[in-house]
Amino acid sequence: VYMGAQIVDMVPPSGVGISVYSLSTLGVQFSEVVSVTSAMVGANYSIGSEVADVVTVSGSMATLTFLPALTAETNYVISISGIQDMSGNVMTGTATLPFTTSGLGGTQITLPGVRTFSSREIVINEIMADINPAPSGLPPV
């Protein structure tokens, strides 16, 4: 329990990371929880002349959808501005985060209730077969 003077947040949020979920969906991680009102404005996120079409926000993460989709195997830079934290501090200037869509040009895999995955994103390196009773055709253990 802290009993000292009130600590006031004077630091604006910053973009600290980006996740590429698919050719049309990105995740932007901020340094702190951001205001949903400012973070849901698509014009606050741009890649060249394109702005985010759909934005959802949860805590310090914004999920962005760009339509049309980005091009596979391409380097991009996203520009972020106008985002406010929960204390009212607004980002100063424009933050830029580079990213690539390398490896996202393959087949999309969709699982019910789970985000979309791209080829080379899931590695299955072991399969555990239930051998009791042993199915026919398996080699001896």
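What the table shows:
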{"read-out": "Paramagnetic reach from THR37 (point 7 Å along Cα→Cβ, amide N under 20 Å) across segment 47-81", "value": "55-63, 81"}
{"read-out": "Pairwise label distance in nanometres, ASP9 with GLU50, each label 7 Å out on the Cα-Cβ vector", "value": "3.1 nm"}
{"read-out": "Ordering of 43-54, 6-17 by packing [mean C-beta count within 10 Å, highest first]", "value": "43-54, 6-17"}
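Any read-out appearing in this document is the output of simple, stated calculations on the displayed coordinates, not a laboratory observation. Just so it is clear, the structure is predicted and the values come from calculations on it, not from any experiment. A quick note on method: Cβ atoms are made from the backbone with ideal geometry, for glycine too, and the neighbour counts reach across all protein chains shown.
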